[in-house]
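Asker: Please read through the structure below; I'll follow up with questions.
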Amino acid sequence: MVKPKRIIIKEEYCIGCRLCEIYCVTKHSCAKEIIKMYKEKKIASESGICFEEKGSISFAIQCRHCDDAPCLEACITGAMFRDKDTGRVLHNKEKCVGCWMCVMVCPVGVVKISQSEKRVASKCDLCIDREFPACVENCPNEAIYVVDYEGKKITKE
């Protein structure tokens, strides 16, 4: 099995700006540009990031693409699947029936109900169509970074 990259959060560096969330939504929108996205009448994407904040402590949480992902076992339709080429845990919204088993079993609590489609789970896909995740690329304080399967930090060249 190919082991996927993982996103790591250094909460001590997070300043709570939520740019990770904004860039995630932008990357997954039809417009692909912040200004155009916010001017669209219907925003067709959701953040794959769960943002936690309590007092002065804030940090983003994304799918860990677990080696033993419980969401894969719990999915009754096969909508949650592991990409054989990248090792990422992905979601096929066409197969999803909205049973929410993936939401209930996620150990990190990051698989969520899509607010726009109501029946489809929403989660981080590690920006599958990009070389580098948008949240990592646009974090102004480098609080979010990517590591390979051995835990070594990956930097954008």
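Asker: Please tell me which of these pairs span more than 23 angstrom C-alpha to C-alpha: Lys27/Lys93; Lys5/Lys123; Lys36/Lys84; Lys5/Lys27?
Answerer: Details: Lys27/Lys93 18 Å; Lys5/Lys123 15 Å; Lys36/Lys84 34 Å; Lys5/Lys27 19 Å.
As for pairs spanning more than 23 Å Cα to Cα, those are Lys36/Lys84.
Asker: Would you mind checking which residues have amide H under 5 Å from Ala121's amide H? H placed 1.01 Å from N; only 5 or more apart, or other chain.
Answerer: When sequence neighbours closer than 5 places are left aside, the close amide H contacts are Ser114.
Asker: Could you list, by residue number, the cysteines of the chain that have no other cysteine's beta carbon within less than 4.7 Å of their beta carbon?
Answerer: Lone cysteines by the Cβ rule: Cys14, Cys17, Cys24, Cys30, Cys50, Cys66, Cys75, Cys96, Cys99, Cys106, Cys127, Cys139.
Asker: Here is a further query. Using just the alpha carbons, could you tell me how many Å³ per residue the convex hull of the range 5-81 encloses?
Answerer: Taking only Cα atoms, the range 5-81 has a hull volume of 146 Å³ per residue.
Asker: Restricting things to alpha carbons, tell me how big the range 66-123 is in terms of Rg and Dmax, in Å.
Answerer: 10.4, 29
Asker: Which whole-number percent is the relative contact order of the chain (Cα, under 8 Å, 6+ apart)?
Answerer: Details: 286 pairs, mean separation 47.0, N = 157.
Answer for the chain is 30 percent.
Asker: Each residue of the range 104-119 in order: what ³J(HN,Hα) in whole Hz does its phi give by Karplus 6.51 cos²θ - 1.76 cosθ + 1.60, θ = phi - 60°, with x for Gly and Pro?
Answerer: 5, 9, 4, x, 9, x, 10, 7, 9, 6, 5, 6, 7, 10, 6, 9
Asker: Under the rule of -39500 (n - 2.57) per DSSP H run of 4 or more residues, summed and divided by the residues of the chain, what mean residue ellipticity at 222 nm is obtained, to the nearest 500 deg cm²/dmol? Kindly include the intermediate steps, with their values, before the conclusion.
Answerer: Values: 5 runs with 30 residues, N = 157.
Calculated from helices alone, the mean residue ellipticity at 222 nm is -4500 deg cm²/dmol.
Asker: Okay, moving on. Exactly which GluC sites (Glu not before Pro) in the range 1-57 are in a DSSP loop and have at most 15 other Cβ atoms within 10 Å? Numbers along the way, then the final one.
Answerer: Values: sites: Glu11, Glu12, Glu21, Glu33, Glu40, Glu46, Glu52, Glu53; in loops: Glu11, Glu12, Glu33, Glu40, Glu46.
Answer by residue number: Glu11, Glu12, Glu33, Glu40.
Asker: A further question follows. Give me the number: length gained by fully extending Asp68 to Lys152, i.e. 0.36 nm times residue separation minus the C-alpha to C-alpha distance, one decimal in nm. If you can, show how the numbers build up before the last one.
Answerer: On the way: separation 84, 0.36 × 84 = 30.24 nm, distance 2.05 nm.
Taking Asp68 through Lys152 to full extension adds about 28.2 nm, to one decimal.
Asker: Take the Cα pairs of the chain, get the Kirkwood Rh, then feed it into Stokes-Einstein at 4 °C and 1.567 mPa s and tell me D in µm²/s.
Answerer: Values: Rh = 16.1 Å.
Roughly 80 µm²/s, to the nearest whole number.
Every number in this text was worked out from the coordinates using simple rules, so none of it is lab data. Because the structure is predicted, anything quoted here is derived from the model rather than measured. Neighbour counts run over all protein chains shown; Cβ positions are idealised from the backbone, glycine included.
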